[in-house]
Amino acid sequence: GDWNPPLTFVVCQRRNQTRLFPANSRDASRNGNFPAGLVADSEIVNENVFEFYLQSHKGLKGTSRPSYYQVLVDEAGYGVDELQGLTNALCYCAGRTEKSVGCVGPVFHADLAA
């Protein structure tokens, strides 16, 4: 057929050395981490590349590590906020918990299988 859907390709890096800390304690959770759902898409990323860090899960113990996402192809034309929101929503689709996990569900399960 002639069906040619638009493609959006995003790379996720789970293990990185980036840590995010609130400058103001009012912005922190009880254990000093940012609350779940925080997106860092300025200041610490390359402004010429569609990339962002997402702190999708609540830090239970210690310092939470955000996952790094880089959009390589976006033929569908998602907006920045729309794609970041979709990415965060997919972090609730891991199936092993009702809470969000540190990366999108498919990457979470691929990491378990590896």
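Near Ala36, within a Cβ-to-Cβ distance under 12 Å, what is the net charge of the other residues, with Lys and Arg +1 and Asp and Glu -1? All intermediate terms of the calculation are to be shown ahead of the outcome.
Details: positive: Lys58, Lys99; negative: none.
After counting each charged neighbour, the total is +2.
Angle between the Cα long axis of helix 80-90 and the longest principal axis of the chain, 0 to 90 degrees, nearest 10?
For helix 80-90, the angle is close to 80 degrees.
Roughly how many debye, to the nearest 20, is the charge dipole of the chain about its Cα centre, given +1 on each Lys and Arg Cβ, -1 on each Asp and Glu Cβ, and no other charges? Display every interim value, and only then the final one.
Numbers: 10 positive and 12 negative charges, 199 e Å.
With Lys and Arg at +1 and Asp and Glu at -1, about 960 debye.
Give the residue from Asn16, Thr63, Asn88 lying farthest towards the positive end of the charge dipole for the chain; charges sit on Cβ (+1 for Lys and Arg, -1 for Asp and Glu) and the dipole is referred to the Cα centre.
Value computed over the given set: Thr63.
Given bins 5 angstrom wide, list per bin the percent of all Cα-Cα distances in the stretch 39-88, short to long.
Per 5 Å bin, starting at zero, the Cα-Cα P(r) for the stretch 39-88 comes out as 4, 19, 29, 23, 13, 7, 3, 1 percent.
Which whole-number percent of Cα pairs in the chain have a distance greater than 24 Å?
Details: 1803 of 6441 pairs.
So the portion of pairs separated by more than 24 Å is 28 percent.
How much accessible area per residue does the chain have, in Å², with a 1.4 Å probe?
Numbers: 7680 Å² over 114 residues.
Accessible area per residue: 67 Å².
The values are calculated or read from the model by the stated rules, or taken from the named source; none is laboratory data. In this text, all values refer to a predicted model and were calculated from it rather than measured experimentally. Backbone-built Cβ (ideal geometry, glycine too); neighbour counts: all protein chains shown. Areas reflect the complete protein model, heavy atoms only, side chains present, ligands, DNA and RNA absent. Shrake-Rupley method; radii C 1.70, N 1.55, O 1.52, S 1.80 Å.
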